[in-house]
Amino acid sequence: MDKQASPPDNQEKILIVDDDPTILDLLANYIEFFGFQHDTARDGVEALEKIGADRFTVVLTDIMMPRLDGMQLLKKIKEDHHRIDVIVITGYASTFSYTDVIRAGASDFISKPFNADELEAKLNRIFRERRLLRQLERHSNIDALTDLYNRRHFDTKLRQEAQRAQRQGYPIFVAMLDIDKFKGYNDKYGHQAGDRLLQSLGSILRHCVREHVDWAFRYGGDEFSIILTQLTAEQAVLTADRIRKKYQQEDFPGTGISLGIAQMPPVEGDHWEEALTDLVARADRALYTAKRDEAHGHIVLDALPAA
C-alpha cells in the first residue's frame, strides 16, 4: 500500500554495524551466505546516514563503537524508524544484559562469540514475524471483496497524505464516487452479479490511479473514494473522466458512475480534524450534485478559488 510498508520477502535488507573490520567482514559473509541483501557501517553515525538514504528491515549492530554506540543507535532507530528491527551483538554481556537491550527496543540479542546457526535462526524468526505482521496489516486495511483499501485505512491515509502535501507544497484532492442505479442492478441480476460489478470497479480504480502516488478505497457499500496527490485540478478531473469512461466500456446495463472531487485547502495550526472532515463533506456534496444533475457529465469539482 505507501514507503513505510515492509518490502517483499526476497527484498529483506540488513545493515551490519561494527567498528571491527574483521567482525564486519565475517557478518557480511554470513548474511550473503544466508541469501539476504546487506550493507555495512563502521559506527552509529554512519549507520543513521545509510538508514536515511536506503530501506532496511533489520539492523545488526555491535554495542561498543566510537561516535555513536549501539545503545544510542538503537534509541534513534526506535524513535525515527520504528519499523526496523534491531539485533544487538556484544562481547560485553556483563555490562549490557539481554533484558537491558530488549527493554531499550531491540528485537533480539547475541553474545560474542556466536555462530552462524544462531544468527540465521534469529534472523529467520524476525522475518517470520514480519511476514505475519504484514498479513495482519493487510487483513485489517484491505476490503476482501474488491482488494482495495477499506474505510478504516482511508482515514489514516488521508491524514498522512494531507500533512505531506502541506509540508511539500503540492495540491491534494479527494474524489468520492458511487454507482448509479446499483440497487436496481442488484435486484434485477442478483447479489453475485452485484459483487462482480463492485470487483470490476475496484480493478478499474487500481488501473486508473498512479501506484504509490494515488490511493483507492472502498468507502462502503457501492461508494468508493480516491486520494489524488501531486496533480492539478484539471488533471484530477481528467483522472475521474478516465475512470468513468473505462467503466462505461464494461457490460453493466442500466448503471453508471458519478464522481465528486474536492481540493484540500491549506490548514492553519492544528485544525486537521476539522479540515479533513470538511474536505470529505465537500467531496460528498460534489458527488450528490453530480448524481442529481446529469448536465455536469457525472463529475463535479469543488476546487479552491484561484489565488
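Within a Cβ distance under 9 Å of Thr57, other residues only, what is the Lys/Arg minus Asp/Glu net charge? Kindly include the intermediate steps, with their values, before the conclusion.
Working: positive: Lys13, Arg55, Arg83, Arg130; negative: Glu12, Asp85.
In short, +2.
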Query raised in the report: What part of the accessible area of the chain, given as a whole %, is carbon or sulfur when the probe is 1.4 angstrom?
Result: 49 percent
Report summary line: At R0 = 30 Å the Cβ-Cβ FRET efficiency linking Arg167 and Arg103, nearest 0.05, sits at 0.35
Requested in this report: Could you state the accessible area per residue of the chain in Å², with a 1.4 Å probe and every protein chain left in place?
Outcome: 52 Å²
Query raised in the report: Here are some values of volume of the Cα convex hull per residue in Å³: (1) 145; (2) 162; (3) 133. Which one was computed from this structure?
Result: (2)
Report summary line: With x for Gly and Pro, the residue-by-residue ³J(HN,Hα) of segment 14-21, computed from phi through the Karplus equation 6.51 cos²θ - 1.76 cosθ + 1.60 at θ = phi - 60° and given in whole Hz, is 10, 9, 9, 10, 6, 8, 9, x
Report summary line: When the chain is treated as a Gaussian network with springs between alpha carbons less than 10 Å apart, the largest mean-square fluctuation among Phe182, Phe173, Phe34 is found at Phe34
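I want the local charge near His139. Using Cβ-Cβ distances under 14 Å, sum +1 for each Lys or Arg and -1 for each Asp or Glu among the other residues.
On the way: positive: Arg131, Arg134, Arg138, Arg152; negative: Glu137, Asp143, Asp147.
So the environment of His139 carries a net charge of +1.
Using DSSP, restrict attention to beta bridges with both residues in the chain and report what percent are antiparallel, rounded to the nearest 5.
On the way: 21 of 44 bridges.
Restricted to the chain, the bridges split so that about 50 percent are antiparallel.
The values are calculated or read from the model by the stated rules, or taken from the named source; none is laboratory data. Remember, it's a predicted structure, so these values are computed and weren't measured experimentally. Positions of Cβ are generated from backbone atoms using ideal geometry, with glycine treated the same way; all protein chains shown enter the neighbour counts. Note: areas computed on protein heavy atoms with side chains; ligands, DNA, RNA excluded. Shrake-Rupley method; radii C 1.70, N 1.55, O 1.52, S 1.80 Å.
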